[in-house]
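**Q** There's a structure below that I have some questions on.
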Amino acid sequence: MSFQRLDLTFEVKGETLQAWLYLPEGVKKPPVVVMAHGFGALRNFGLQPFAENFAARGLASLLFDYRCFGQSGGKPRQLVSIGGQLADWRAAVHFAQGLDQVDGERIALWGSSFSGGHVVVTAARDGGIRAVVSQVPHVDGMASARRLGLGFIAKGMVDGIKDLFRAVLGREPHYVPIAGPPDSRAFLRTPDCEDGYMAIVNDDAPWTNAFPARTFLWVAGYRPTASAPLVKCPMLVVAGRGDSLIPYDAVVKMAKKVPRGEILKLDCGHFDPYVEPLFPTVVKAEADFLARHLLG
């Protein structure tokens with residue numbers, strides 16, 4: 001099925017967020033899947049193929065970039081603010097509900113990695129969501145920090161405090177890499193992170209491999225798993241047995257908390273669902289799940 005892609009914008013707290021609306025051709029008022037990417041990533045970092053496959057099943061998709069990222073407004077640039085991004089999700093859902101081109105009563109959420117946690121929290125707070133896909137999700141910041149070790153925690157705290165002091169003094173942020181090798185100060189620094197992350201990076205939008213380090217100070221306390229029992233709609237959780245960033249057991253545990261949860265267990269790493277050869281398997285399972293709950 002062919003599709004059209006519209007460039008749209010919506011506002012959050014005085015800032016303009018950039019979005020794409022994928023519409024399947026020949027479908028009147030299709031359901032819509034609201035989508036955004038993981039830690040420090042943009043909507044054009046491998047999300048378009050998911051939206052295109054969903055369109056082939058008669059589903060619209062709204063892909064947006066968070067404040068401070070890509071061509072969306074906001075400063076400091078590339079700040080990963082948990083509260084800010086959750087507010088962006090709420091605004092995106094509200095925006096999708098009011099679009100004339102889609103059925104605002106049939107809305108699903110799709111998130112991956114860090115946003116895989118955001119969709120859990122958002123669905124728990126919004127009883128109008130029809131379905132959720134949470135792919136290799138961030139579920140428990142402390143569990144992830146323990147897996148990465150004391151060195152990760154110590155370096156992160158030092159960088160985070162340095163950046164926070166600079167913010168208090170009105171100075172430019174202290175930036176550290178988003179993804180890097182294991183011996184770096186990057187946020188994502190398990191052995192497969194640098195190659196895996198850079199494999200999905202697209203140079204078509206403004207992006208640098210860096211973020212203000214203050215995020216280190218609050219990410220360990222971010223536990224979307226605590227919201228899982230409050231999600232009343234069906235949720236598909238995609239878990240990677242070989243995920244080096246997110247503890248597999250923690251993802252399975254979260255999925256079991258969701259009253260109408262389903263889990264797809266795969267022998268894969270954290271970045272494998274975005275690319276060949278695993279992508280066709282993942283996207284088909286997700287499209288089948290969404291079609292079942294949005295079109296059935």
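**Q** Angle, helix 248-257 long axis vs. longest principal axis of the chain, Cα atoms, 0 to 90°, nearest 10?
**A** Between the helix axis and the principal axis of the chain, the angle is about 50 degrees.
**Q** With θ taken as phi - 60° and the coefficients 6.51, -1.76 and 1.60, list the Karplus ³J(HN,Hα) couplings across region 146-153 in order, rounded to whole Hz; mark glycine and proline as x.
**A** Residue by residue, region 146-153 yields 4, 5, 7, x, 5, x, 4, 5 Hz.
**Q** Report, in deg cm²/dmol and to the nearest 500, the calculated mean residue ellipticity at 222 nm for the chain, where each DSSP H run with n ≥ 4 adds -39500 (n - 2.57) and the sum is divided by the residue count.
**A** Working: 9 runs with 100 residues, N = 296.
So the helix-based figure for the chain works out to -10500 deg cm²/dmol.
**Q** Additional query: Let me know the shape class of region 93-173, please: from the alpha-carbon gyration tensor, a ≥ b ≥ c as square roots of the eigenvalues, rounded when a/c is under 1.5, otherwise prolate if a/b is greater than b/c, or oblate.
**A** oblate
**Q** Compute the distance in nm between two label points, each set 7 Å from the Cα along the Cα-to-Cβ direction, one at Leu169 and one at Glu276.
**A** 5.1
**Q** Using the heavy atoms of the protein chains and a 1.4 angstrom probe, tell me the accessible area per residue for the chain in square angstrom. All intermediate terms of the calculation are to be shown ahead of the outcome.
**A** Numbers: 11910 Å² over 296 residues.
Value returned for the chain: 40 Å² of accessible area per residue.
**Q** While we're here: In what order, largest first, do Arg241, Arg214 sit by accessible area if the probe radius is 1.4 Å?
**A** Arg241, Arg214
**Q** What does the charge count around Arg166 come to, taking other residues whose C-beta lies under 15 Å from its C-beta (Lys +1, Arg +1, Asp -1, Glu -1)?
**A** Net local charge, Arg166 excluded: +2.
**Q** Continuing with the same structure: Might you work out the accessible area of Lys253 for me, using a 1.4 Å probe with all protein chains in place, and round it to the nearest 10 Å²?
**A** Rounded to the nearest 10, the figure is 130 Å².
**Q** Give the ranking of Asp272, Asp159 by solvent-accessible surface, highest area first, calculated with a 1.4 Å probe.
**A** Asp272, Asp159
**Q** Can you give the local net charge around Ala250? Use residues other than it whose beta-carbon is closer than 13 angstrom to its beta-carbon, Lys and Arg +1, Asp and Glu -1.
**A** My count for the surroundings of Ala250 gives +4.
**Q** Which percent of the accessible heavy-atom area of the chain goes to carbon and sulfur, probe 1.4 angstrom?
**A** The nonpolar share, carbon plus sulfur, comes to 54 percent.
**Q** Same structure, new question: What's the whole-number percent of alpha carbon pairs in region 36-134 lying beyond 25 angstrom?
**A** Of the Cα pairs, 13 percent sit more than 25 Å apart.
**Q** Distance between Cα centroids, region 84-98 to region 240-296: provide it in whole Å.
**A** When both Cα centres are located, 23 Å separates them.
**Q** Hey, another quick one. Please work out how many pairs of lysine residues in the chain are eight or more positions apart (or on different chains) and have Cα atoms closer than 30 angstrom.
**A** Taking the chain as the scope, the lysine pair count is 23.
The values are calculated or read from the model by the stated rules, or taken from the named source; none is laboratory data. From a predicted model like this one, the values you see are computed outputs, not experimental measurements. Every residue, glycine among them, receives a Cβ derived from its backbone with ideal geometry; neighbour counts consider all protein chains shown. Ligands, DNA and RNA are excluded from the accessible area calculation, which covers all protein heavy atoms including side chains. Shrake-Rupley method; radii C 1.70, N 1.55, O 1.52, S 1.80 Å.
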